[in-house]
Amino acid sequence: VSTYLAALTINAFYALGEEIGWRGYLYKRLGSAPSLKNSFIIGTVWGLWHATAIGLLGHNYPNLKWLGVPIFVALCIPLTFIMLILVSRTGSILPSVSLHGALNALWTLTILANNLGDATGELLGGNGLLGILSLVLVATIAKIFLVTRGYVK
């Protein structure tokens, strides 16, 4: 419960600036469609935004540093698709702000939960390959669900 409250308050506050930029301004500039193209562009920009923090400081990938940058970009692309669906369906960035805050609150838990606090854990765990594949699966299911119901093309 406390993690969820943190996601909706403190972490969401910090995520708000990014969400205004990515799912607000940039999404509108690209035509406000939850497409794969828009997800790739916004997800790549979002991931690269964190490149210096990841590469120089080890943010989210303390063992991988610069090798964590392409992993984070790959994580951001399917996550962006999911967030764009939320923004598209609600007409608001607030659901993506909440999700972004929740993910920031849970980030460390994924590292601790896999018992691999080294480069292998960062590469394969929830912030790496496992997370990327999980998000691709969720994004694919969401796309199929929304297309079959006529909500998105």
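A few points about this structure:
- Among Leu75, Leu48, Leu84, the largest mean-square fluctuation in a Gaussian network model of the chain, built with springs joining Cα atoms closer than 10 Å, belongs to Leu48.
- Per-residue Cβ neighbour counts within 10 Å put Lys37, Lys143 in the sequence Lys37, Lys143, beginning with the fewest.
- Relative intensity, log₁₀ I(q)/I(0), of segment 2-148 from a Debye sum that treats every alpha carbon as a point, q = 0.11, 0.16, 0.20 Å⁻¹: -0.39, -0.85, -1.31
- Angle between the chain longest axis and helix 68-90 axis [Cα atoms, degrees, rounded to 10]: 30
Rule-based calculations on the coordinates, nothing more; no lab input. The structure presented is a predicted model; accordingly, all values stated were derived computationally and were not measured. Positions of Cβ are backbone-derived with ideal geometry, glycine not excepted, and every protein chain shown enters the neighbour counts.
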